Amino acid sequence: MTWAKIDDHMPEHPKIVPAGPLALALQVRAICYCARHLTDGFLPALMVGSLTYDLGNRDWPKVMTDAELWEYDEARSGFIVHDYLDYNPSKAEVQQTRAAWTARAKKGAASRWGRRHENASKHTFKHPRSSVNPRVNHHAPVPVTTTTQPGSLPLGGNGHLHGSGEHSAPNGGAPLESTSGRRKSAALNTTADFRTFYEAYPRHKAPDRTERAFRAALKRGATLVQMLAAIDVQRRDREAGTRAGEFVPQWPYPSTWLNGGSWLDESRAPCPAEPVPKDQGADRQEFLRTMQAMRTKEPKAFEHTVRDWTPEAREDLKHEIDSIEGGT
């Protein structure tokens, strides 16, 4: 989004006052058009009608040129908004500013992700007796006594040795993983799932806010497989609309998509009978593995994806997935 700059003395300008308040409104519209489309002050003649449709039947190009607010550009068949570049940045300046913003945003995002993984690795639960596998006790089993003997350490509840940081399992087995360790492991898994979602979503914006929305969606019952399937279906819908010449709005921000539960949206266009043709070897096999996992873990998402396929395509997919499962 760009911003148009207008002099606050413009309503009382000697060129504006004689032309009237409607000319002021048209001038503001023209400036906004040039700023939005980065035309460096150029207004195509074909666009004049869309800017003056509700301003009466006056010959507005003549009014604006007579008032020296516009200048006719015969070579390009349009008008130049007078002194536009004296107050507003050029297209090159805007693009340079946007590139700098994008670079800073990417650098900040990379820094945030790096700090998160560094902190996660520092706080990963590790058993004090083993650096190989925190869940395996490599020492010989030690019987657990339930009564306090002379010279022995007193046992607390659940086999916890007072003064130690370990939880002993019954019958001298491997120490139990702490609750905080399980929470941290789950948090790491959720972070990995979010990165998978964020990379698959077509529009990247506000990763921190998006991650909060992603975690909230998981609490409401959504799953990663369901979201990825919905993104794929909606991408094909948009491509079909574009090919048909329809107006297709841009993807919403990922946090908006998540907060609105858009993974449950109805499909706008039928899904193709064969998303990945059979003769595409490795791509087809990857597609089949994805559909197999979806049918097993998310049957509703699977049915939503194939509901508009032809009966023959659904039957072929079922046989191929069944053969994969039979082979494994």
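Okay, here's what the table says:
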item	result
Enumeration of residues in region 60-85 that are among the charged types (D, E, K, R) and over 18 Å from Pro11 (Cβ atoms)	Lys62, Asp66, Glu71, Asp73, Glu74, Arg76
Members of region 5-29 that are under 28 Å from Gln95 (Cα atoms) and either charged (D, E, K, R) or touching a Gly at 6+ places or on another chain (Cβ under 9 Å) (or both)	Lys5, Asp7, Asp8, Arg29
Close pairs (8 angstrom Cβ cut-off, 6 or more residues apart or separate chains): touching a residue at least 60 places away in the same chain (Cβ under 8 Å) in region 217-228, buried (at least 17 other Cβ atoms within 10 Å of the Cβ) and part of a loop (DSSP other than H, G, I, E, B) anywhere	Thr223/Glu298; Val225/Glu298; Gln226/Glu298
Residues located in region 62-73, provided they are over 24 Å from Glu93 (Cα atoms) and either surrounded by fewer than 17 Cβ atoms within 10 Å (Cβ to Cβ) or charged (D, E, K, R) (or both)	Lys62, Thr65, Asp66, Glu68, Tyr72
Counted residues, region 238-259 - those being of a type outside the set (Phe, Trp, Tyr) and under 13 Å from the mean Cα position of the chain (by Cα)	7
Selection count where residues are in a loop (DSSP other than H, G, I, E, B), within 9 Å of the chain's Cα centre (by Cα) and closer than 15 Å to Trp263 by Cβ, scope region 204-230	0
Region 1-58: number of residues that are of a type in the set (D, E, K, R), under 41 Å from the mean Cα position of the chain (by Cα) and surrounded by 14 or more Cβ atoms within 10 Å (Cβ to Cβ)	2
Tally, over region 84-97, of residues that are within 21 Å of Ile6 (Cα to Cα), free of Cβ contacts under 8 Å to residues at least 12 places away in the same chain and surrounded by 10 or more Cβ atoms within 10 Å (Cβ to Cβ)	4
Any hit, region 110-127, residues being assigned to a helix (DSSP H, G or I) and modelled with pLDDT of 85 or more	no
Matching helices (runs of 4 or more DSSP H) fully within region 243-328 where at least 3 residues are exposed (fewer than 12 other Cβ atoms within 10 Å of the Cβ), modelled with pLDDT of 70 or more and not assigned by TED's automatic domain parsing to the domain that holds Met227	311-327
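The values are calculated or read from the model by the stated rules, or taken from the named source; none is laboratory data. Treat the numbers as computed from the prediction; the structure is a model and nothing was measured. Note that we place each Cβ from the backbone using ideal geometry, even for glycine, and neighbour counts take in every protein chain shown.
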